[in-house]
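Asker: Handing you a structure now.
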Amino acid sequence: MYSGNNVYLVKYAGNSVYLAKYAGNPVYLTSAALPALLGVIDQCCSTAPSLTMARRAAALVLLLLAVLHAGVADLSKNSLRQQHGLKPRTLQSPWTWRCSGGAGPRCERHLAEPHETPAAASTCKMTCGPGANLWPRPRSVTVGQELRAINFNSMSLEFMDESGNPLDMSRAAGGLLERMAERFRSQQEHKATTEDGSVLVKDGGHGLEVKAVIKDPCVSAISLDMDESYELSVDKVNDMVNVTLTAHSAYGARHGLETLNQLLVRDELRRELLMPTRVRIVDSPAYKYRGILLDTARSFVSVEAIKRTLDAMAASKLNTFHWHITDSHSFPFVSPTHPDFSRYGAFSPDEVYTPEAIAELVEYARVRGVRVLPEFDAPAHVGEGWQWVGPDATVCFRAEPWQKFCVEPPCGQLDPTVERVYEVLGGIYRDMLGAFKPDMFHMGGDEVNFHCWNTTESIVNWMNENNASARTGDDFRKLWNVFQSRALQKLVDANEGKELPVVLWTSGLTAPGKVDRYLDPKKYIIQIWTKGDDPLIKELAEKGYRLIFSNYEALYFDCGFGAWVGEGNNWCSPYIGWQRVYDNDPRALLRRLGVTEPRLLDNVLGAEATLWTEQADSYSVDGRLWPRAAAMGERLWTGRDDWTWRDAEVRMLEHRNRLVRLGVQADRLEPQWCDQNPGLCYLSTRPEDQPVNTEH
């Protein structure tokens, strides 16, 4: 870095963009162009070896200035899209928003005074009331009243260790820092410009300098024990807004950058990029596991739709994408070991997930602070794709009448008595672990139909030979346990002998009084999909199991639509509004069941919103998940069961708009008028506020 005459060269976002500034004016060069430029300097210096380093730096500066004056800012290619100048406006709004102040402050719309600088509703909400319009609301946040315009062409981001040494962004945290920096830059570009190159904010404003300190830059993978905390402070010094971000891991820093991104707001009335000049935030999640399940087997969901889901998860600080990738309906996972699975089981040759597509999504998720958790559901929920294995591997496949053999068509289960089943499972596990590189694995394990096994000759014979001829529920659980134990060993073998935390659904194997006969709480995490008041939850907690809540009355987002078998509404109706999602606190559910011991409450890892896709696909996933999943995100982040949805409503409406600006087709929650008139869309329960009957 050469600082003479205010000229300096900064590596920004790794080796994708280099930023040179002269008196505040930016020059962007691609990483491909910079080596050629440096080569010119080296050639010059080789002919004059007596040149000092200072002169070499000066030569570099002169070349950069030549590039600047030659007009090679070339922002349309290398950085911010600026082809058409400030986008013209069709009309000038007469409105402004002001904070009402008082005990319950809210932003109110007023006609702007003749010489008043207007403020958009989103700008007003930043400093009006608690939470600073952030989502999820930080655990501790203080925001000053002063807002200043930021020059989106004068931003810098530097990562360093605790001692202040710069970090190599291309290497630290497995290259995560480089990708995070580029994403932050892209987020600001998206606010300031349109795709066609028109600019949405005026020139000028304060510079923004972000220094991110990462205490352990070696952490590159997400884990259950990872520290996601961060601290963020903002101060203004002269014409520069300085941001200091401190985090233990790169993932904590990522959360801090997400918060900073939300603090940078485009005011469409002022046509400026604004942010508060004094901020103090201390933040960390209350729950380790904050997830979304997406089923891509009942209906195919495109890679682009999954990316939108991951974008929205990042904006809401959710950290686990649970991918239910196969089922009895289809097998779109391309297994290198067993390629016939997808050849027989995909809906079409184009509706598959190749190892390359999965690797792309896993990295896309990692940059956004999200683990991808694969699920291979067995021994039930198998069928399509298994035809090539042979007729003995699966039983009851496409059995009729289906109601006798499964919960929905097509039916299908594995035959645990067939040795070939375990050989094939070993290959599937090996391929999934190789593709996803997960820190945990979901083995499914729900909705095994005992009647199906009871009508299968090979299974009946096995039971007669193994002291289970009565074929009671416990006898079938004995067989199920044989399958689960052998399948788990195949998973460990596929992971080079190392155990992984394994997740299983509540099921017949976790039935009251049965679970600890079969499942070791040190090895298994139980995901609850029954109702939140199910007494089984208390038993699981008291027996020491780690728990993930997906209680269906609050977190099954496929509920509340028309039936697809028969008529009427689907099985778990009614529709679940975001308010109920928000108020669904896992540890509060446990306390209501009588579990109060801190050690047992700490075993609740978190919760997961689920979207089963019998009636959803790439075109409807966004609206089914969002913004309701964000409501769960704040609940799991804050852990404040004394906050209700009413405390979050204004910020939730703004966050929905934020998701839409990301390209996510999130459902609208209230009329747009309510966004602009916070606090006026409510339903009073006071008798004096009820409608007056004027009929006689």
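The values are calculated or read from the model by the stated rules, or taken from the named source; none is laboratory data. Every value quoted in this text rests on a predicted model; they were computed, and no experiment measured them. Backbone-built Cβ (ideal geometry, glycine too); neighbour counts: all protein chains shown. Quick note on the areas: whole protein, heavy atoms, side chains included, nothing else; ligands and nucleic acids left out. Shrake-Rupley method; radii C 1.70, N 1.55, O 1.52, S 1.80 Å.
Asker: Somewhere in the range 215-223, is a residue in contact with a strand residue (DSSP E or B) (Cβ under 6 Å, 6 or more places away or on another chain), modelled with pLDDT under 95 and open to solvent by 30 Å² or more (accessible area, probe 1.4 Å)?
Answerer: no
Asker: On the given criteria, is ASN461 modelled with pLDDT of 95 or more and over 30 Å from ILE292 (Cα atoms)?
Answerer: yes
Asker: Then there's this: With the checklist (1) of a type outside the set (Phe, Trp, Tyr); (2) in a loop (DSSP other than H, G, I, E, B); (3) surrounded by fewer than 16 Cβ atoms within 10 Å (Cβ to Cβ) in hand, flag the one item THR142 doesn't pass.
Answerer: (2)
Asker: Name the residue that is nearest to ARG290 (Cα to Cα), counting only residues in the range 508-567 that are under 25 Å from the mean Cα position of the chain (by Cα) and among the aliphatic types (A, V, I, L, M).
Answerer: Taking the candidates together, the pick is ILE548.
Asker: Now for a separate question. List every residue pair whose Cβ atoms lie under 6 Å apart, where the two residues are 6 or more positions apart in sequence or sit on different chains, the first residue falls within the range 513-530 and is within 14 Å of VAL503 (Cβ to Cβ), and the second residue, located anywhere, is among the basic types (Lys, Arg).
Answerer: The qualifying pairs are ILE525/ARG546.
Asker: Are any of the residues in the range 365-374 closer than 23 Å to ILE548 by Cα, within 31 Å of the chain's Cα centre (by Cα) and open to solvent by 20 Å² or more (accessible area, probe 1.4 Å)?
Answerer: Yes; the residues of the range 365-374 include at least one that is closer than 23 Å to ILE548 by Cα, within 31 Å of the chain's Cα centre (by Cα) and open to solvent by 20 Å² or more (accessible area, probe 1.4 Å).
Asker: Is there a residue in the range 97-113 that is over 30 Å from ARG635 (Cβ atoms), of a type in the set (Ser, Thr, Tyr) and either buried (at least 16 other Cβ atoms within 10 Å of the Cβ) or out of contact with any Leu (no Cβ under 6 Å at 6 or more places or on another chain) (or both)?
Answerer: No.
Asker: Assess whether GLN489 counts as being under 19 Å from ILE428 (Cβ atoms), crowded, with 16+ Cβ neighbours inside 10 Å and not charged (D, E, K, R).
Answerer: So GLN489 does not fit the description; no.
Asker: Here is a follow-up. Given the conditions (1) open to solvent by less than 10 Å² (accessible area, probe 1.4 Å); (2) of a type in the set (A, V, I, L, M); (3) out of contact with any Pro (no Cβ under 9 Å at 6 or more places or on another chain), report the number of the one that ALA312 does not fulfil.
Answerer: Among (1) open to solvent by less than 10 Å² (accessible area, probe 1.4 Å); (2) of a type in the set (A, V, I, L, M); (3) out of contact with any Pro (no Cβ under 9 Å at 6 or more places or on another chain), the lone unmet condition for ALA312 is (3).
Asker: Starting from the range 164-187, keep only residues that are open to solvent by less than 30 Å² (accessible area, probe 1.4 Å), then list their pairs with residues that are among the charged types (D, E, K, R) whose Cβ atoms are within a distance under 7 Å, requiring at least 6 positions of separation or different chains.
Answerer: Within 7 Å, the pairs are MET169/GLU178; LEU176/ARG366; MET180/ARG254.
Asker: Consider the range 440-476. How many of its residues are charged (D, E, K, R) and over 45 Å from the mean Cα position of the chain (by Cα)?
Answerer: Residues flagged as charged (D, E, K, R) and over 45 Å from the mean Cα position of the chain (by Cα) within the range 440-476 amount to 2.
Asker: While we're looking at this one, here's another question. If a residue must be closer than 11 Å to LEU611 by Cα and of a type in the set (D, E, K, R), how many such residues does the range 283-328 contain?
Answerer: 2
Asker: On to the next question. Given the criterion touching a residue at least 24 places away in the same chain (Cβ under 8 Å), open to solvent by 10 Å² or more (accessible area, probe 1.4 Å) and either in a helix (DSSP H, G or I) or of a type in the set (Ser, Thr, Tyr) (or both), identify the matching residue among ARG587, ARG599.
Answerer: Exactly one of ARG587, ARG599 is touching a residue at least 24 places away in the same chain (Cβ under 8 Å), open to solvent by 10 Å² or more (accessible area, probe 1.4 Å) and either in a helix (DSSP H, G or I) or of a type in the set (Ser, Thr, Tyr) (or both), namely ARG587.
Asker: Could you grab me the full set of residues in the range 645-683 that are farther than 16 Å from TYR582 by Cβ and either open to solvent by less than 30 Å² (accessible area, probe 1.4 Å) or not in a loop (DSSP other than H, G, I, E, B) (or both)?
Answerer: Passing the criteria: ASN657, ARG658, VAL660, ARG661, VAL664, GLN672, TRP673, CYS674, ASP675, GLN676, ASN677, PRO678.
Asker: Right, another one. Within the range 188-214, restricting attention to residues that are charged (D, E, K, R) and at pLDDT 95 or above, which residue is most open to solvent (accessible area, probe 1.4 Å)?
Answerer: Checked the range 188-214; the qualifying residue most open to solvent (accessible area, probe 1.4 Å) is LYS211.
Asker: For the range 379-417, name all the residues that are within 19 Å of ARG477 (Cα to Cα) and open to solvent by 60 Å² or more (accessible area, probe 1.4 Å).
Answerer: LYS404, VAL407 - these are the residues of the range 379-417 that are within 19 Å of ARG477 (Cα to Cα) and open to solvent by 60 Å² or more (accessible area, probe 1.4 Å).
Results for (1) in contact (Cβ under 8 Å) with a residue 60 or more places away in the chain; (2) of a type outside the set (Val, Ile, Thr); (3) closer than 28 Å to GLU408 by Cβ, shown as yes or no for each residue.
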residue	(1), (2), (3)
LYS307	no, yes, no
PHE333	yes, yes, yes
HIS338	yes, yes, yes
VAL352	no, no, yes
GLU356	no, yes, no
GLU360	no, yes, no
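Asker: Still on this model: Check GLN489, GLN484 and return the single one that is modelled with pLDDT of 95 or more and under 15 Å from THR417 (Cα atoms).
Answerer: The unique qualifying residue is GLN484.
Asker: Another question about this same structure. Output yes when any residue across the range 282-290 is acidic (Asp, Glu) and part of a helix (DSSP H, G or I), and no when none is.
Answerer: For the range 282-290, residues acidic (Asp, Glu) and part of a helix (DSSP H, G or I): absent.
Asker: Sticking with this one: Has the range 328-344 got at least one residue that is open to solvent by 10 Å² or more (accessible area, probe 1.4 Å), among the aromatic types (Phe, Trp, Tyr), more than 21 Å from LEU373 (Cα to Cα) and part of a loop (DSSP other than H, G, I, E, B)?
Answerer: Looking through the range 328-344, none of the residues is open to solvent by 10 Å² or more (accessible area, probe 1.4 Å), among the aromatic types (Phe, Trp, Tyr), more than 21 Å from LEU373 (Cα to Cα) and part of a loop (DSSP other than H, G, I, E, B).
Asker: Please specify each residue of the range 621-644 satisfying the condition of being farther than 22 Å from ALA588 by Cβ, open to solvent by 10 Å² or more (accessible area, probe 1.4 Å) and in contact with a helix residue (DSSP H, G or I) (Cβ under 8 Å, 6 or more places away or on another chain).
Answerer: none
A quick yes/no check of all residues on (1) out of contact with any Phe, Trp or Tyr (no Cβ under 7 Å at 6 or more places or on another chain); (2) among the charged types (D, E, K, R); (3) modelled with pLDDT under 95; (4) under 15 Å from LEU611 (Cα atoms):
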| site | (1), (2), (3), (4) |
| --- | --- |
| ASP533 | yes, yes, no, no |
| GLU542 | yes, yes, no, no |
| ASP583 | no, yes, no, no |
| PRO586 | no, no, no, no |
| GLU597 | yes, yes, no, no |
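Asker: Could I ask something else about it? Kindly establish whether ARG106 is more than 22 Å from VAL199 (Cβ to Cβ) and modelled with pLDDT of 95 or more.
Answerer: no
Asker: I want to confirm something. Restricting to the range 169-201 and keeping residues that are over 26 Å from the mean Cα position of the chain (by Cα) and part of a loop (DSSP other than H, G, I, E, B), which single residue is nearest to VAL660 (Cα to Cα)?
Answerer: Filtering the range 169-201 for residues that are over 26 Å from the mean Cα position of the chain (by Cα) and part of a loop (DSSP other than H, G, I, E, B), the one nearest to VAL660 (Cα to Cα) comes out as LEU200.
Asker: Confirm whether PHE436 is more than 19 Å from TRP386 (Cβ to Cβ) and hydrophobic (A, V, I, L, M, F, W, C).
Answerer: So PHE436 fits the description; yes.
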